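Report on the structure given below.
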Amino acid sequence: MTEVSTSAPPATEAAPDPRRFTLRQRIILRIIVAAGHCFIRLIGPTLRVCVSREEGAQETVSQRPLIISFWHACIIPATYLFRNVGIRVMSSNSYDGEYMGRIIRKFGFVAVKGSSSRNAVRALLGLRRALQQGWAVAFTLDGPRGPRQKVKPGPVALARSSAVPLTMFHIAVDQAWVLNTWDRLIIPKPFSRVLMRFGKLIPVPPDASDKDLERYQQELQDSLDRVREFAEENVSKAGMIEFPYYTRA
């Protein structure tokens, strides 16, 4: 890779509030969103994508309801691979979160405003409502500002309250620009080989104690580490060998 320096609110698309930003910021937002959308639309179809699953993993990208977890670094290829599925995503109120939220909405995602640091309870209530309606919800678990590749407790608590299992994946790209940012954001190069690896589902019982939640959180961390290692070690072989529970996308 090349490195470059008390009822839940409805889980509906959060409308942008332009009053939060200066005129200059709004102009830059429009440019970033247009360029990001165009780039993903152009690069996505060129990617050579393969999907590998652990035994007991989700069957399809569109399976629902599920609570999906992945690392922030994968957000660009994930936006393309999960497009038009209607996944509900927690979207930060920050400036960075705003432009990413606007881009993913163009690919059929629905933003629920909040983050791990601000408005978290409100966002989790919105995500739980979405799960009750039969949708899948997704977390970039180390967003919006890290620490990198460290699981936060939100998905596990949501799994307990909703009785919906946890799922997780990692996307590895054999040829990509990797930005020198906190998350090491991956930007696939055209015609790259891509391997998406799903881990086995993790159900969290509704009667799980807070101590149990710590154990499930560690299990989620271990699963994400495991699928990341598998994807990164095997992406160069994607399409050339048959992994167990392997499909070509």
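Here is how the numbers come out for the structure above:
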quantity	calculated
Yes/no for Ala159 being open to solvent by less than 10 Å² (accessible area, probe 1.4 Å), of a type in the set (Gly, Ala, Ser), outside any loop (DSSP other than H, G, I, E, B) and out of contact with any helix residue (DSSP H, G or I) (no Cβ under 7 Å at 6 or more places or on another chain)	yes
Subset of the stretch 104-128 (residues that are modelled with pLDDT of 80 or more, closer than 18 Å to Ser69 by Cα and open to solvent by 40 Å² or more (accessible area, probe 1.4 Å))	Leu124, Leu125, Arg128
Residue match in the stretch 134-152 (condition: open to solvent by less than 50 Å² (accessible area, probe 1.4 Å), farther than 20 Å from Glu59 by Cβ, touching a Ser or Thr at 6+ places or on another chain (Cβ under 7 Å) and assigned to a strand (DSSP E or B))	yes
Members of the stretch 44-96 found to be part of a strand (DSSP E or B) and more than 26 Å from Arg184 (Cα to Cα), listed by number	Ala57
Residues satisfying the stated conditions in the stretch 175-189, i.e. open to solvent by 40 Å² or more (accessible area, probe 1.4 Å) and not aliphatic (A, V, I, L, M)	Gln175, Trp177, Asn180, Thr181, Trp182, Arg184, Lys189
Qualifying residue in the stretch 82-90 (condition: out of contact with any helix residue (DSSP H, G or I) (no Cβ under 6 Å at 6 or more places or on another chain), farther than 27 Å from Arg20 by Cα and crowded, with 20+ Cβ neighbours inside 10 Å)	yes
Pairs where the first residue, in the stretch 201-214, is closer than 21 Å to Gln58 by Cβ and assigned to a strand (DSSP E or B) and the second is open to solvent by less than 50 Å² (accessible area, probe 1.4 Å) and modelled with pLDDT of 95 or more, C-beta under 7 Å, 6+ apart	Ile202/Pro165; Ile202/Leu166; Ile202/Tyr216; Ile202/Leu220; Ile202/Ser223
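The values are calculated or read from the model by the stated rules, or taken from the named source; none is laboratory data. These numbers come from a predicted model, not from an experiment. Note that we place each Cβ from the backbone using ideal geometry, even for glycine, and neighbour counts take in every protein chain shown. Just the protein is used for accessible areas: all its heavy atoms, side chains included, with ligands, DNA and RNA removed. Shrake-Rupley method; radii C 1.70, N 1.55, O 1.52, S 1.80 Å.
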